[in-house]
Each structure stands twice: as structure tokens, then as C-alpha cells.
Amino acid sequence: MSNGNDLMDKLVSLCKRRGYVFQSSEIYGGTGSVWDYGPLGVELKNNVKRAWWRTMVHERDDIEGLDAAILMHPRVWEASGHVEGFTDPLVECRNCHRRFRADNPDIQGDQCPVCGSKDGFTEPRNFNLMFRTFMGPVEDDASVVYLRPETAQGIYVNFQNVLTTSRQRIPFGIAQIGKAFRNEITPGNFIFRTREFEQMEMQFFVEPGTDEEWFETWRERRLAWVRSLGIRADKLRWHEHAPDELAHYAKRAFDIEYEFPFGWQEVEGVHNRTDFDLTRHQQYSGKRLEYIDPNDRDKRYIPYIIETSAGADRMTLVVLADAYREEVVEGEQRVVLGLHPALAPIKAAIFPLVKKDGLPEIATKIHDAFRAAGIPSFYDDSGSIGKRYRRQDEAGTPFCITVDGQTSEDGTATVRDRDTLAQERVSSDRLTEYVRERVGR
Ligand code: GAP
């Protein structure tokens, strides 16, 4: 039986072996808690993001997309409360000067867990998690800018722009996918908590008084979306934030949690942010951010905001962890990534049974047909068929197509299903259609 650490080690190693995720700057010894997505990883993460965009933007009339810049006016972060409040309390070892979160269970008492000194720790001091840099050629206080710690603020400052140009009426939402940065004190667990990550956020603007109902609607919709990625229901649950856990902007918040190999953890948050953000931006910018009801011009208000905020990397980890399985098939152990076919990076692998008798030519033609149809496929003619199957099982490829002697006679090839292992003969000219139908979306 594998324990949680073993499972994570195996998943990290599979991700490296199959080109899903690499440590950033690995040839230099790696960068702390930053990861790079390899050829299969970028496809998987793009498929997760595309699935989100499709559900949140393309399939709806009441949500508009946005791609705001990472660097914003520094006053944004004063208005949002991040300059003052986006902090973790840190203590410093008086001997080695290493810093720890004040609530780290390893530093109860006076002994430093790193150098062993019993000199004790400094009083807790607040450490801001935003990355700071300078804009322009002068590095002084006037040129400080921050790498955004959440994408949400780019949406709030564009609320009026989107409202007027899209001619939406409340209730409506704005969705965005983009990078965010946090100088986390205790990052870790692979791509779960990193210092550079991507968020998929949607801010839904509603009339005050209707916010609680919309909050429940979005909770339901978001859980249904996570389930639509094929994630097992018994691995998902809700966690409501207690009053002392609530972020400075939230009236109510629920997290969707997933049971990772390292325990239950947050994947996505649904927050009732009230009118906090728009009110603050109105105050700090001096620009009116009210909504005027087009049917009743005397009805003006600052909208309440229901936010849905998911991490793209964290959701990708959920997808990978949920898909990973080890099993014994026909007396042999295999490792499989049982990814939802719509998310799988490669949809079909094409194998000539042998490298002669014209089979590679037929297999190449099939591979060309997949490319022409825009369906990601992979051609492999090296090693035994068993080995080729196992490589694709680990990569999460839902279908393997083998061209054999019968193909040259009757034009059919064998399609093997990754999960059921069932094999079916399908006419070569129907293969792209066959795979497309089963992959869906
Ligand atoms: N705008 C609200 C907001 O940012 P959050 O709970 O701080 O709320 C939302 O973050 C989501 O972003 C989390 O549920 C998680 O999926 C992702 N996330 C946050 N910090 C992260 C980190 N350091 N690494 C990876 N993902 C992170």
C-alpha cells in the first residue's frame, strides 16, 4: 500500500518521465517552488483552462472575457487592502536568521529547527507576500510596482470599461485567466502551492440583496464544473470559512476541497466580496463605479461581487492526482493516467505492428489524417506493442491504434481503449471520426 508521500513522489516522477512537469531552471539546481510544464503538461493545463473558459465564457451570454496586465498602478494594491493586509507573521531565529511563519508547529519553544540554536526567535513581524519591483530606470519608492497576487483586481478596475463596451446589464460577470505571484513562505507539494501560478477567476456583479442567492448558484455551478472534469465525487467536499479565516474582503466564503495524497486541501474558492472592492476603488481613484439601472435611472448602487477563484495549476494537480492509478493487468503491473479524454494531451497513438510490409506507410497516413483533423496524435514504432501501450497508458492517451497485416487486406485497424482494454477493429477512414466522437468537446 502506498502512503501519501509515496504517491506524490510517484506522481512527480511520472510527470518528469513523461514530459508533464519539470523543475524550473533544473540545470542550475532548480528555483524554489517554481515549475515548468513540458510538452504534455502544457497541453493538459491548456485543456483545463479551455474547459473553464468554455463553461464560463463561451457557453454563457452573461459573462465577458478579459485579459488585464500583470503590472498595475500601485494604488490598486492600496485600495484592495493588499499593501496593508496581504501578510504572514514571521519570526526570525536569533542565531541563523532563518525566517519561519509564526504559526509553524516546528518552532514551538526556543529551539531553531534548522541550526538547533536555543537562542530563541524575534517577535513576529508582518511580511508582505507581494513581489515588488521597479518600473522604469529609477529604483526608488516612486517607481515601486507589484506583480499581481490575484487576477481579480484587473477585473474590478475594468468594470466600467467592460460594462459600457459590452452593453451588459447586471447581473453579469467578467472572467479572466492569468498569472499571479505570491512570495509564499511555505510553498510546496509540487504544483500545489508555488510562487508563480495561474488563476481562473470570475467576478459576478449583482444587485445588493440578491448576493446570497447568487452565491449559492455559483457554488453549485462550480462544483458541477469540477465534477465534469471526471473528478471523483467522494474526493471533493465543501469547507466553509469560519469568521477568523475570512479574507479581509469576504462576507462569506466556501472552498471546494480535494483529497490530495497529502490530505484535504483547497482547490477553488467561492467568495461573497460584497461591495468592498468597487467601493474602495471608487474612493482611491475618485472615479464613480456605480451602476445605474437602465430601466430606472434613480436606482444606483455599487454592485456586490460573487467571486469564483480557481488555480489552474492546482486544478491540473487535482486532475493528475485523481487520474493516477496502479493496477495489475494480465499478470503485469501498469501505471495509468486515466485522464478524461477531453483533457488528455494526446488523444490517439498510432503504431505499425512491425516496421515492414508497408505497415509504417499506412500508419503514417493515419497519423497525417489525425494531424489534418487537428486531433493531437502520436506515432510510435519503437519497442514491443506491450511497451508502446504502457508508455501511452502513463501519458494518459485514451486510444491506441495498431496497424497490422489485416489492415493491408481489409483497411481496418485495432483500436484499444486505455481503461477497458477492449479492442475493436475500425475502418482506417473512420478513425478520426471514431476518436473525435469518444473524446467529445
Ligand atoms: N481572488 C481571490 C483569491 O485569490 P485565494 O483563495 O487566495 O483567493 C484562489 O486563491 C485560488 O488560487 C486558490 O483556491 C488556489 O487554487 C489558487 N492559489 C492561491 N495561491 C496559490 C499558490 N501559491 N500556488 C498555486 N495556486 C494558488
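Which ones in the stretch 148-169 are touching an Asp or Glu at 6+ places or on another chain (Cβ under 6 Å) and open to solvent by 10 Å² or more (accessible area, probe 1.4 Å)? So that I can check it myself, show each step before the final result.
Step one: filter the stretch 148-169 for residues touching an Asp or Glu at 6+ places or on another chain (Cβ under 6 Å), giving 151-152, 156, 162, 166.
Across the stretch 148-169, the qualifying residues are Val162, Ser166.
Across the stretch 188-207, which residue is farthest from the ligand (Cβ to nearest atom) among those that are closer than 17 Å to Leu11 by Cα and assigned to a strand (DSSP E or B)?
Gly188
For residues in the stretch 274-292 being touching a helix residue (DSSP H, G or I) at 6+ places or on another chain (Cβ under 8 Å) and within 15 Å of the ligand (Cβ to nearest atom), which is farthest from Gln153 (Cα to Cα)?
As a first pass, look at the stretch 274-292 and keep what is touching a helix residue (DSSP H, G or I) at 6+ places or on another chain (Cβ under 8 Å): 274, 277-278, 280-281, 283-285, 287-291.
From the residues that got through so far, the ones that are within 15 Å of the ligand (Cβ to nearest atom) too are 274, 277-278, 280-281.
Details: Thr274: 14, Asp277: 8, Leu278: 10, Arg280: 11, His281: 9 Å.
Among those residues, the one meeting the criterion is Thr274.
What is the number of the single condition among (1) open to solvent by 10 Å² or more (accessible area, probe 1.4 Å); (2) within 28 Å of Glu212 (Cα to Cα) that Glu332 does not meet?
(2)
Any residue in the stretch 367-375 that is open to solvent by less than 10 Å² (accessible area, probe 1.4 Å) and aromatic (Phe, Trp, Tyr)?
Checked the stretch 367-375: at least one residue is open to solvent by less than 10 Å² (accessible area, probe 1.4 Å) and aromatic (Phe, Trp, Tyr).
For the stretch 293-321, how many residues are within 14 Å of the ligand (Cβ to nearest atom) and either within 9 Å of the chain's Cα centre (by Cα) or among the β-branched types (Val, Ile, Thr) (or both)?
The qualifying residues number 13.
From the list Gly311, Gly286, Gly263, which residue is in contact with a strand residue (DSSP E or B) (Cβ under 8 Å, 6 or more places away or on another chain) and of a type in the set (Gly, Ala, Ser)?
On the way: Gly286 fails: in contact with a strand residue (DSSP E or B) (Cβ under 8 Å, 6 or more places away or on another chain); Gly263 fails: in contact with a strand residue (DSSP E or B) (Cβ under 8 Å, 6 or more places away or on another chain).
Exactly one of Gly311, Gly286, Gly263 is in contact with a strand residue (DSSP E or B) (Cβ under 8 Å, 6 or more places away or on another chain) and of a type in the set (Gly, Ala, Ser), namely Gly311.
State all residues of the stretch 99-122 that are hydrophobic (A, V, I, L, M, F, W, C) and within 19 Å of Pro187 (Cα to Cα); if no residue qualifies, say none.
In the first step, residues of the stretch 99-122 are kept if they are hydrophobic (A, V, I, L, M, F, W, C); the result is 100, 102, 107, 112, 114-115, 121.
Correct list: Phe100, Ala102, Ile107, Val114.
Take the conditions part of a loop (DSSP other than H, G, I, E, B) and either open to solvent by less than 70 Å² (accessible area, probe 1.4 Å) or away from the ligand (no atom under 16 Å from the Cβ) (or both) and apply them to Glu216. Does it pass? Lay out the reasoning, then the answer.
Working: part of a loop (DSSP other than H, G, I, E, B): no; either open to solvent by less than 70 Å² (accessible area, probe 1.4 Å) or away from the ligand (no atom under 16 Å from the Cβ) (or both): yes.
When the stated conditions are applied, Glu216 does not pass them.
Scan the stretch 152-177 and report the pairs whose first residue is within 14 Å of Met56 (Cβ to Cβ) and whose second residue is open to solvent by 30 Å² or more (accessible area, probe 1.4 Å) and among the small types (Gly, Ala, Ser), with Cβ atoms within less than 6 Å and a gap of 6+ or a chain change.
Once the first residue is within 14 Å of Met56 (Cβ to Cβ) and sits in the stretch 152-177, its partners that are open to solvent by 30 Å² or more (accessible area, probe 1.4 Å) and among the small types (Gly, Ala, Ser) give Ala175/Gly65.
Give the residues of the stretch 376-403 that are within 22 Å of Asn47 (Cβ to Cβ) and open to solvent by less than 30 Å² (accessible area, probe 1.4 Å), sorted by residue number. So that I can check it myself, show each step before the final result.
Of all residues in the stretch 376-403, those within 22 Å of Asn47 (Cβ to Cβ) come to 376-380, 391-401.
Within the stretch 376-403, Ser377, Asp380, Gln392, Asp393, Glu394, Ala395, Gly396, Thr397, Pro398, Phe399, Cys400, Ile401 qualify.
Return the total of residues in the stretch 59-68 being under 13 Å from Ile177 (Cβ atoms) and without any contact (Cβ under 8 Å) to a residue 24 or more places away in the chain.
Of the stretch 59-68, the ones under 13 Å from Ile177 (Cβ atoms) are 63, 65-68.
Filter once more, so that each one left must be without any contact (Cβ under 8 Å) to a residue 24 or more places away in the chain: none.
Of the residues in that region, 0 qualify.
Could you please let me know if Thr87 is within 28 Å of Leu246 (Cα to Cα), at pLDDT below 95 and not aromatic (Phe, Trp, Tyr)? Quick ask: steps written out before the conclusion?
Working: within 28 Å of Leu246 (Cα to Cα): yes; at pLDDT below 95: yes; not aromatic (Phe, Trp, Tyr): yes.
The answer is yes for Thr87.
What are the residues in the stretch 157-187 that are outside any loop (DSSP other than H, G, I, E, B) and within 10 Å of the ligand (Cβ to nearest atom), if any?
Correct list: Ala180, Phe181.
Which of the numbered conditions does Asp255 fail, given that it passes all the others? Conditions: (1) among the charged types (D, E, K, R); (2) under 23 Å from Gly65 (Cβ atoms); (3) in a strand (DSSP E or B).
Going through (1) among the charged types (D, E, K, R); (2) under 23 Å from Gly65 (Cβ atoms); (3) in a strand (DSSP E or B) one by one, Asp255 breaks only (2).
Mind checking whether some residue in the stretch 261-274 is farther than 18 Å from Met315 by Cβ and either crowded, with 21+ Cβ neighbours inside 10 Å or under 19 Å from the mean Cα position of the chain (by Cα) (or both)?
So in the stretch 261-274, the residues farther than 18 Å from Met315 by Cβ come out as 272-274.
Filter again for either crowded, with 21+ Cβ neighbours inside 10 Å or under 19 Å from the mean Cα position of the chain (by Cα) (or both), leaving 272-273.
Yes, there is a match, as at least one residue in the stretch 261-274 is farther than 18 Å from Met315 by Cβ and either crowded, with 21+ Cβ neighbours inside 10 Å or under 19 Å from the mean Cα position of the chain (by Cα) (or both).
The values are calculated or read from the model by the stated rules, or taken from the named source; none is laboratory data. Computed from a predicted model, the values in this text were never measured in an experiment. So basically every Cβ, Gly included, is an ideal-geometry build from the backbone, and we count neighbours across all protein chains shown. Only protein heavy atoms, including side chains, enter the accessible area calculation; ligands, DNA and RNA are left aside. Shrake-Rupley method; radii C 1.70, N 1.55, O 1.52, S 1.80 Å.
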